[in-house]
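I have placed the structure first, in the form of structure tokens, so that the comments after it can refer back to it.
A short reminder: the numbers here are calculations on the coordinates, not readings from a lab. The structure presented is a predicted model; accordingly, all values stated were derived computationally and were not measured. With ideal geometry, Cβ positions are generated from the backbone for all residues, glycine too; neighbour counts draw on all protein chains shown.
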Amino acid sequence: MAEQTSGVLRRAAGGTVRLLIGQPLASSRAHEEEIGSIEGLPALSLDALTSVAYGPEAIVVVLAAGGAAALRLTLPIELVIVALLALLVASYRQVIEGYPHGGGAYAVSRANLGRSWAQVAAGALIVDYTLTVAVSIAAGVAALTSAFPPLVPLTVPLDLGFLAIVTVLNLRGLGEAARAFLLPTAVFIVGLLGIIAVGLVHPLAPHLSQPGRPLTPTRSLEPVGILLLLKAFSSGCSALTGVEAIANGVPLFRAPRVQRAKRTELLLGVILGVMLIGLAVLVLRFHIGPRSHQTVLSQIMGASVGRGWAYYVVSFAVTLTLGLAANTSFGGLPVLASLLARDHYLPHAFSIRGDRLVYNQGIWVLALMAGALLVVVGGSTNALIPMFAIGVFTGFTLAQTGMAMHWFRHRPPRWAPRAVLNATGAVMTAVATVIFVFTKFSSGAWVVVIAVPLLIFLFRSIERYYQGVGRLLGLGERPPQPSRRPTTVIVPVNNVSRLTAAALSEAESIGDEVIAVTVQFNDQPDPAEHIFEEWEHWAPGVRLVTLRSEYHSVVRPVLRFLDLIASEAGTERRLVVLIPVVLTTSWRHRLLHNQLDLALANAIRRHRQDVMVARFPVRLDADRPLSR
């Protein structure tokens, strides 16, 4: 019935969906959606690469509280962050080699640290992936509004528009999304490296008058001490988010997967490190500070090449790639969610691939969570940054700790230096995580501190449910032999017709006993008497029971009759209610029918869970008056 009611609209909607996400892919074509080393950059590394748009700025904004002199500390802080980046890249190349089936910190923690720490890693990664989408898109739109200030009032609609584009592209398949993002990624990398080179060698407009008003206080608002440095370091570490995504998505690469994924991780580390150091040097060279409606990256580009065509080309590429950097999460979270679903920590629907061979449920849920977050904060990058990086650094710490234990337990050749590398990474990222929580708690980090335990509670609640279902179903045990029970089929009718005959024929084929029931209202005796006379004249060989009711309700007398039959039959006989339904050729004609079948079916399911309810659809056709 539902197919007929919404037939035209559903076909139109289905055509639109197919136009957007493409035709179904056969499993034999799964290799078409796998990616290579270069495609891994736009597919799984854009988050980390584009963090240069907000990582250095986060440092500058914090140091500005110490006055203009404090901005000179930008480069030393950035050098420490790049050293941490090198350590993480080396460590995650080992994670890729040790756990090639994906999952990153979750897989490592599950294998080496146990169930509880694995759930912590999973909760932290889910929070990080959601924030990655929101921060990337918000930063991309911020870059656009810096180049075109009249667009500032449209920040949230632009955010949601970028989110919709990335979501649709990922629903089409990761390989197609990676290929679509390859050109803007190349323009972004080449263009930004070119601007850094020009700015270092021969800037074209070093004294350019920048738009907006300066936000650096003339007098120091905060002494330049260890607390300010820790705040700047923790803010700048937002540039390291996304380093783990390649290890999470190793199964997405073409064979040989491990080698391709390790190559992509190395490319990411080299490119990102060069960009971060180059931008930090230019912050000092051009005396860059925070300004209203101008990002630090926009100021650097303006001072390096002026505000001509090169500035606008790279600005557009930065905007586009920042918006598309959300693709990192769309490549990682659905894979992680599928692993969690297989371990019974998330609904099993997350482990099912769609007809485009992607994990649709994970993509949709990520898009909805990120969209809600963008609306709540009004698309503000600065409002999101305090919540950022805590989740991913928690994952870093657990992954490195787990890998150190992995090498110590298995002790393959050259295990000692690998264990030392991972142990060092674990200590450094653990210290960074503590710094984040301490320096950012009141600014928004408390949200993450609360969200991760809530996710762990969700995981355990879902796991308990599945364990209970497994016990009730006897999963893992040998079930009893199937047995046949006699079946009584009850068919509600209101006339003698071909529809009634077809329904009774179906009932006779599935039951040992068939009973037809019709309802007679006390103030309308004639229709039921007429049906009874026709029934006796027709003589179908099925007993017709007339149910009398003082109320104008078909449902109540049918439910009472079911109670009576069930009490007589006991548990030795199965009861089935077979409800005939007319399927019309037009959804408009369906509106002319009384929809009583839906009300009756729903009422029976609520009233008696031991009664099987089936609807018997019969299609009306001009050429064949009655057909299944």
The chain: angle of helix 74-98 to the longest principal axis, Cα-based, in degrees nearest 10: 50 degrees
Percent relative contact order for region 35-462, counting Cα pairs under 8 Å at least six residues apart, stands at 34 percent
Size-normalised alpha-carbon gyration radius of the chain, reference 2.2 N^0.38 Å: 1.27
Say R0 is 35 Å: what FRET efficiency, to the nearest 0.05, do Leu200 and Gln259 get from their beta-carbon distance? 0.55
7 Å from Cα along Cα→Cβ at both Ala86 and Ser443: what's the point-to-point distance in nm? 2.7 nm
Against the longest alpha carbon principal axis of the chain, how many degrees, from 0 to 90 and to the nearest 10, is the axis of helix 445-473 turned? 30 degrees
Rank by packing, highest mean first: peptides 55-67, 448-460, 567-579, 230-242, with packing defined as the count of other Cβ atoms within 10 Å averaged across residues. 230-242, 55-67, 448-460, 567-579
Could you tell me the calculated FRET efficiency between Ile165 and Arg471, based on Cβ-Cβ distance and R0 = 30 angstrom, to the nearest 0.05? 0.10
Rounded to whole Å and sorted largest first, list the principal axis extents of the Cα atoms in region 57-118. 49, 24, 15
Only bridges whose two residues both fall in the chain count here: according to DSSP, what percent of them are antiparallel, nearest 5? 10 percent
Pairwise centroid distance, computed over Cα atoms, of region 77-141 with region 270-334, Å: 23 Å
So how do 111-120, 200-209 stack up, highest first, on mean other-Cβ count within 10 Å? 111-120, 200-209
Counting each DSSP H run of 4 or more residues in the chain as -39500 (n - 2.57), what helix-only mean residue ellipticity at 222 nm follows after dividing by all residues, to the nearest 500 deg cm²/dmol? -20500 deg cm²/dmol
Residues whose built amide H sits under 5 Å from the amide H of Ile35, excluding neighbours closer than 5 in sequence, are Phe253, Arg254
Using modelled amide H (1.01 Å from N, peptide plane; none on Pro or chain starts), what sits under 5 Å from the amide H of Ile579, excluding residues fewer than 5 places away? Ala614, Arg615, Phe616
Ratio of alpha-carbon Rg to the 2.2 N^0.38 Å globular estimate for region 242-363, to two decimals, please. 1.42
Which distance in Å, rounded to a whole number, links the C-alpha centroids of region 461-491 and region 360-422? 39 Å
Nearest 10 degrees, 0 to 90: what angle lies between the long axis of helix 174-201 and the longest principal axis of the chain (Cα atoms)? 10 degrees
Would you work out the charge dipole size for the chain about its Cα centre, treating the Cβ of every Lys and Arg as +1 and the Cβ of every Asp and Glu as -1, and quote it to the nearest 20 debye? 1760 debye
